[in-house]
Amino acid sequence: MKFLLPLFLLFSLAQAQTSDLTSSLYETYDKYKEATLDKRRIKHSQLQPLIDAYRKHPDFRVNKVGESIEGRELSLVSIGKGDISVFLWSQMHGDEPTATQAIFDILNFLKSDDFKNEKRAILENCTLHFLPMLNPDGAEVFQRRNRLGIDVNRDALRLQSPEGQTLKRVRDSLEADFGFNLHDQSTYYNAERTEKPATISYLAPAYNYEKDINEVRANAMKVIVFMNNIIQKYAPGQVGRYNDDFEPRAFGDNIQKWGTSAILIESGGYPGDVEKQEIRKLNYVSILSALYTIAQGSYKDIPLERYNEIPENDRKLFDLKIVNATFPLLGKNYQIDLGINRLEVNKEGYNDFWYSSRVWDIGDLSTYYGYETLDATGYVIRPGKVYPTPVNNMAGLEGLDTFALLRAGYTYVRMQNIPKEKLSSPVALHIVGKNYKIPDLAMEVGVNPTFLLEKNGKVGYAVINGFLINLSEGKTGNFKNAMIYR
């Protein structure tokens, strides 16, 4: 009589088979990290020398498969000789580059002489195809949409864009068994009903309005369960699952319909990881591990019901949440919570950014969370003042004791000659022009969050452009910039 293991035991065995591999991938990651791509705002020109190197490598095949609207080449990098066809594409939204970086980390791993047994298992059973940076025109100016101004991920039906046409043509030519649709999502998503960010979110898209589950979609769900268990090891509780309402225009939904098991991966937020380098590492580890389970076929034993156990995505995170602060208004005191977000503004050339922060919400925010949270019970919100002694230029800032000025209630410094090229203040004080009038403090949605928190007549905290500064510590923490008002 044949003995059959229960599904949950088979699932556990499948996880155990790759546990050592996953740990080794995580521990050795720096060896394969593509060092030339160390910032989010990467450009098409940075990828070309890397892709050209793979053209010369005997194990890889590189083909031009299309061009963007502005004529930038779209390349497909392939490796392996197995029957299982796996297609991975990234950055169909130009400002979502995390997985593009991870793809080149994975390619570095695949061309190395390490992990020979694991790579043999992958490359003898699978043929891998990578299309990094599908929307290079959008990446050039760090925007979501392409040069035509459309969302490529909503172009699966009309195929108006050359980028969308290329994606469809490549998928069809490969008849891919699995497709990895690689994106970034807002850092303000959290795992439902928790304070933890959705560092990675998944979706096995529906292929019809009824959200039916056939073998193609079920395989995607099982691989997602497998990847979720890997991420939980390094970012516990920080995984979300997208709502699977059918979107008839979206590529993921249609690729599922066309017979490819489509796996959406979204890179969200991770505390202290502004450039998403830890999240990039998690992409690298989880995708390689997923390729291994696909090659081995071990994902097939994973219980399907585990997919719905992944918490849904929610969007209830702020960069800074301040609770129970006292705000004086028209002679009365009110207790309020503040939700503050730091919005990125691209610098010229789209290679870097500065922050222009906003009050995002006010009131009872007890069902929301913050990457950073301050209980301001007993603290009164006070406006900051302008330092009475102007400085002549940027060099004049060097002689100022920023913390002493903040403790004395100053949040602005007047400058006689503000350089035209300067867009933000490098110190934790706003710079204002010689004729600029400071507006009255208002706690309203949309205003720049700059104020002091005073307790028993003593300033304990300053909020400058949405950054919380603990004045008793004398450190600016994760502060990046204040504002310039001319």
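Within segment 455-486, whose backbone N sits under 20 Å from a point 7 Å along Cα→Cβ of D375? Under 20 Å, as judged by backbone N against the label point of D375, lie 455-456, 460-462, 468-473 of segment 455-486.
Gyration tensor over the Cα atoms of segment 397-464: the corresponding equivalent ellipsoid has semi-axes (square roots of 5 times the eigenvalues, largest first) of 22, 16, 10 Å. Looking at segment 177-260, which trypsin sites (Lys or Arg not before Pro) are in a loop (DSSP not H, G, I, E or B) and have at most 16 other Cβ atoms within 10 Å? Counting only loop positions with at most 16 other Cβ atoms within 10 Å, the trypsin sites (Lys or Arg not before Pro) in segment 177-260 are R193, K211, R249. Using alpha carbon centroids, what distance separates segment 150-210 and segment 445-486, in Å? Measuring centre to centre over Cα atoms gives 39 Å. Summarised as an ellipsoid, segment 358-413 has semi-axes of 32, 13, 11 Å, derived from the eigenvalues of the Cα gyration tensor scaled by 5 and square-rooted, with the largest first. Here, segment 181-324 yields an orientationally averaged convex hull projection of 9.2 nm² when only Cα atoms define the hull. Going by alpha carbons, how many degrees (0 to 90, nearest 10) lie between the helix axis of 116-125 and the longest principal axis of the chain? Between helix and principal axis, roughly 70 degrees. Across all Cα pairs in segment 36-139, the calculated P(r) in 5 Å bins from zero up to the longest distance comes to 3, 12, 23, 25, 19, 11, 6, 1, 0 percent per bin.
Quick one: in segment 365-486, what % of C-alpha pairs are over 17 Å apart?
Details: 4146 of 7381 pairs.
More than 17 Å apart: 56 percent of the Cα pairs in segment 365-486.
Can you give the Kirkwood hydrodynamic radius of segment 260-301 from its Cα pairs, in Å with one decimal?
11.9 Å
My understanding is that a pair violates if its Cα-Cα distance is over 19 Å; which of K81/K119; K321/K385; K43/K422; K316/K455; K43/K276 do that in this structure? Beyond 19 Å: K321/K385; K43/K422; K316/K455. How many percent of the accessible area of the chain is carbon or sulfur, using a 1.4 Å probe? Of the solvent-accessible surface of the chain, carbon and sulfur hold 47 percent. Antiparallel beta bridges, as assigned by DSSP with both residues in segment 299-417, represent about 60 percent of the total such bridges. Heavy-atom accessible surface of the chain, averaged per residue, reaches 44 Å², computed with a 1.4 Å probe.
May I ask for the percentage of alpha-carbon pairs in segment 67-204 that lie more than 21 Å from each other?
In whole percent, the share of Cα-Cα pairs in segment 67-204 beyond 21 Å is 48.
One equal scatterer on each Cα of the chain, no solvent, Debye formula: the resulting log10 I(q)/I(0) at q = 0.08, 0.12 Å⁻¹ is -0.56, -1.06. Compared with the dominant principal axis of the Cα atoms in the chain, helix 215-234 is inclined by about 50°. According to the calculation over all Cα-Cα pairs in segment 169-251, the P(r) per 5 Å bin from zero is 3, 13, 19, 24, 19, 13, 6, 2, 0 %. Ranking of E27, E309, E34 by solvent-accessible surface, largest first: E27, E309, E34 (1.4 Å probe, protein heavy atoms only, all chains present).
Mean separation of Cα pairs under 8 Å and 6 or more residues apart, divided by the residue count, gives the chain a relative contact order of 13 percent. Compared with the dominant principal axis of the Cα atoms in the chain, helix 277-296 is inclined by about 10°. Evaluated with a Cβ-only charge set (Lys, Arg +1; Asp, Glu -1), segment 174-259 carries a dipole of roughly 320 debye about its Cα centre, given to the nearest 20. Counting only DSSP beta bridges whose two residues both lie in the chain, roughly 55 percent are antiparallel.
The values are calculated or read from the model by the stated rules, or taken from the named source; none is laboratory data. Just so it is clear, the model here is predicted, and its values are computed rather than measured. Ideal geometry is used to build each Cβ from the backbone, glycine not excepted, and the neighbour counts take in all protein chains shown. The protein model used for the area step is the full one, side chains on, heavy atoms only, and it has no ligands, DNA or RNA in it. Shrake-Rupley method; radii C 1.70, N 1.55, O 1.52, S 1.80 Å.
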